[in-house]
1. Which one, GLY182, GLY315, TYR50, projects farthest toward the positive side of the charge dipole computed for the chain from Cβ point charges (K/R +1, D/E -1)?
2. Quick one: helix 72-94 against the long Cα principal axis of the chain, what's the angle to the nearest 10°, folded into 0 to 90?
3. How much FRET efficiency would the formula 1/(1 + (r/R0)^6) give for TYR50 and LEU270, where r is the Cβ-Cβ distance and R0 is 41 Å, rounded to 0.05?
4. Give me the extension gain from GLN69 to CYS95: residue separation times 0.36 nm, minus the current Cα-Cα distance, reported in nm with one decimal.
5. Report the extension gain between MET147 and VAL59 in nm, rounded to one decimal, defined as 0.36 nm multiplied by the number of residues separating them, less their alpha carbon distance.
6. Quick one: which residues, 5 or more positions from SER4 or on another chain, have an amide H under 5 Å from its amide H? H modelled 1.01 Å from N in the peptide plane, none for Pro or chain starts.
7. Any idea what the relative contact order of the stretch 180-370 is, in percent, if you count C-alpha pairs under 8 Å spaced at least 6 apart?
8. Quick one: longest stretch of the chain between exposed loop GluC sites (Glu not before Pro), exposed meaning at most 15 other C-beta atoms within 10 Å and loop per DSSP?
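The values are calculated or read from the model by the stated rules, or taken from the named source; none is laboratory data. These numbers come from a predicted model, not from an experiment. Methodologically, a virtual Cβ is constructed for each residue, glycine included, from the backbone with ideal geometry; neighbour enumeration extends over all protein chains shown. Heads up: the accessible areas ignore ligands, DNA and RNA and are worked out on the full protein's heavy atoms, side chains in. Shrake-Rupley method; radii C 1.70, N 1.55, O 1.52, S 1.80 Å.
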Amino acid sequence: MRTSFRYRLYPTRQQTRAMTQMLDTHRHLYNRALAERKDAWEQEQRSVRYGDQSAQLKVERTTNPYLAQTNFTSCQQTLRRLDKTFQAFFRRVQCGETAGYPRFKGRDRFDTVDFVVGDGSKISGNRVYFQHIGNVRIVLHRPINGMIKTLSFTRRADHWYLIVSCDRGGPAPVHHDGPAVGIDVGLEKFATLSTGEYIANPRFFRRDEQVLARAQRRMSKYAKGTPERGYHKRIVRRTHERIANRRKDFAHKLSRRLVSEFGLIVFEDLTITRMIKNHALAKSIADASWNQLMRYTQYKAEGAGALCIQIDPRGTSQRCSACNAVVRKDLSIRVHQCPSCGLEIDRDLNAALNIVGVGLHSLELAPRSRCL
Ligand SMILES: [Zn+2]
């Protein structure tokens with residue numbers, strides 16, 4: 001099982017320059033490799049593999065001084081990242097989804113270099129060593145848990161971070177026997193649990209949104225390429241970073257709680273129903289947070305011996321969780337009132353109960369009649 005930890009890095013000015021340069025070298029490598037794949041496909045319908053590009057890299061290093069000044073395995077990691085992007089792209093195409101073709105990375109869009117630990121990188125004390133960069137100071141605010149596999153540096157706004165990716169092998173944890181829970185997500189409340197608990201939208205969602213909109217408005221007043229624009233762009237980026245951190249923290253806490261309390265956690269698969277139409281920004285922020293919560297819960301569940309699954313949400317809001325009758329209602333109707341059995345509960349709670357029902361059924365843990 002893979003887990004990762006993130007720590008703040010404090011590079012010197014010289015190290016910052018070297019890291020920025022290295023990002024650029026990797027970005028060029030990524031973009032060139034992407035162009036090669038693109039051309040091969042467009043001109044000869046031929047797909048280029050990771051193995052081919054990795055072999056070429058070896059040759060290229062003998063002539064390109066920037067590549068020569070960059071750790072070989074870390075370059076391979078970048079080529080692998082591109083390969084993964086392509087695999088995900090083909091997977092989406094196969095599933096019939098509209099998939100965007102992998103894109104070239106602009107200077108702002110490429111922010112991470114991965115090192116395999118022991119090959120041009122290692123941690124000792126409160127320093128991390130990267131080949132061609134040196135020993136960079138880190139603040140290890142929490143212990144690293146597991147066997148370190150990769151060390152990456154990443155740039156977010158004006159800050160640098162170290163990402164430590166660990167393998168936490170060892171014996172598989174015993175399955176825990178906590179109850180099952182269904183989770184319905186929405187814009188009004190962040191989530192509704194089938195236990196009857198509501199998780200409100202954190203106040204900072206709304207506030208952050210406003211702060212970001214204001215910063216973006218200010219930036220857009222200045223013409224591209226002017227120093228004022230650059231200044232405000234940095235503020236926008238920093239705001240993004242702060243928002244991301246806060247959301248991450250929120251998702252970490254909630255997912256930790258879920259996997260410790262429940263043995264089975266059932267989410268609705270948000271990629272199936274593209275949720276409610278609402279104003280774009282609020283939705284995109286919420287969307288990202290739900291996805292994050294699901295991802296975190298998924299991987300934390302593995303370690304906690306809990307099971308986390310996603311189900312097809314169709315029908316979960318219209319069906320009665322008690323008698324299975326279909327009770328049509330549009331979004332403005334917040335209460336589920338069943339004419340067949342008389343059940344009267346909050347619509348989101350009804351949906352959450354159906355979600356856990358479908359989840360249990362899909363695992364063959366409940367009779368069919370109860371759920372769909
Ligand atoms: Zn009913």
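1. With unit charges placed on the Cβ atoms, the residue in question is TYR50.
2. With both axes taken from Cα atoms, the answer is about 40 degrees.
3. Working: r = 31 Å, r/R0 = 0.75.
That pair, TYR50 with LEU270, gives E of 0.85.
4. So the extension gain works out to 5.3 nm.
5. 28.4 nm
6. Under 5 Å from the amide H of SER4 lie the amide H atoms of CYS166, each far enough along the sequence or on another chain.
7. Normalised by residue count, the contact order of the stretch 180-370 is 25 percent.
8. Working: sites that count: GLU97, GLU188, GLU197, GLU364.
For GluC sites (Glu not before Pro) (loop position, at most 15 other Cβ atoms within 10 Å), the longest site-free span of the chain is 198-363.
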